[in-house]
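This report concerns only the one structure given below.
The values are calculated or read from the model by the stated rules, or taken from the named source; none is laboratory data. Note that the structure is predicted; figures quoted are calculated from it, not measured. Cβ atoms come from the backbone with ideal geometry, glycine included; neighbour counts cover every protein chain shown.
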Amino acid sequence: MKIGGRWFLGFRSRTRRTEEEMPAAPSINTNAAQLILPQLELLTVMELSQHTPMSWLRLAKGMEPVIRTSGSFSGPRLNGVVLKNIVTGKYNPLLECIELFAQAELLTNDGAKIYKTDHGCWRGEEGAVSDLVSGKSVPVSRFYFIGVLNYAVSHPGYAWLQEGNYLSHGAIDGGKLKISQYRVVNSEKLADLKARVDANRPRS
């Protein structure tokens, strides 16, 4: 089973959250989800301006980075503003996905700087990503991002971010690019999940 497909729409429903954090998730194949997803805790959701057609083209061709200097993040564990987000990527037509590496500088509401890296892939339903990078209009429900996160901090109040394992899920929602960031609560299935991400990752 590859990472993705209809059951992945329920990714957020597998996380710990309060009722006010998120709306109810759509119906999913929970049996399939349980086979691969570790238990996750939502930390925050980062909101950025969505990619323009030119931005997708730049990512697909591995051109100069896509740089944003504004945005925000909010959630049960992390809240603040995005000072800078730099994304580089490359489209692999054989695997029909865009592998990317994102680096973000974040400033929390209480003045702490957090540096985040996110390595993963934009993928989706058959034909969705290839249409996207060719400049065609693609419904946002047909593609998504999944990645592995790492954090670096100097503020002692956020030192816990440098321990444990973290995953991300991204999608276009309400005209914004929203990247949800999760901490793995129990990592029994994380090795399998990472192996599947690596197996689907484009090779140079």
Item to complete: Could you grab me the full set of residues in the stretch 144-170 that are surrounded by fewer than 17 Cβ atoms within 10 Å (Cβ to Cβ) and assigned to a loop (DSSP other than H, G, I, E, B)?
Response: S154, H155, E163, G164
Discussion item. Among the listed residues L42, L95, L100, L106, identify the single one that is at pLDDT 85 or above, in a loop (DSSP other than H, G, I, E, B) and of a type in the set (A, V, I, L, M).
Written reply: L95
Worksheet item: Scanning for something surrounded by 16 or more Cβ atoms within 10 Å (Cβ to Cβ), in a strand (DSSP E or B) and modelled with pLDDT of 95 or more, does the stretch 74-81 turn up at least one residue?
Response: yes
Discussion item. For W56, only one of the following conditions fails: (1) in a helix (DSSP H, G or I); (2) modelled with pLDDT under 85; (3) within 20 Å of S168 (Cβ to Cβ). What is its number?
Written reply: (2)
Practice prompt. Would you check which residues across the stretch 123-143 are surrounded by 14 or more Cβ atoms within 10 Å (Cβ to Cβ) and within 13 Å of Y91 (Cβ to Cβ) and list them?
Written response: R123, G124, A128, V129, S130, D131, L132, V133, F143
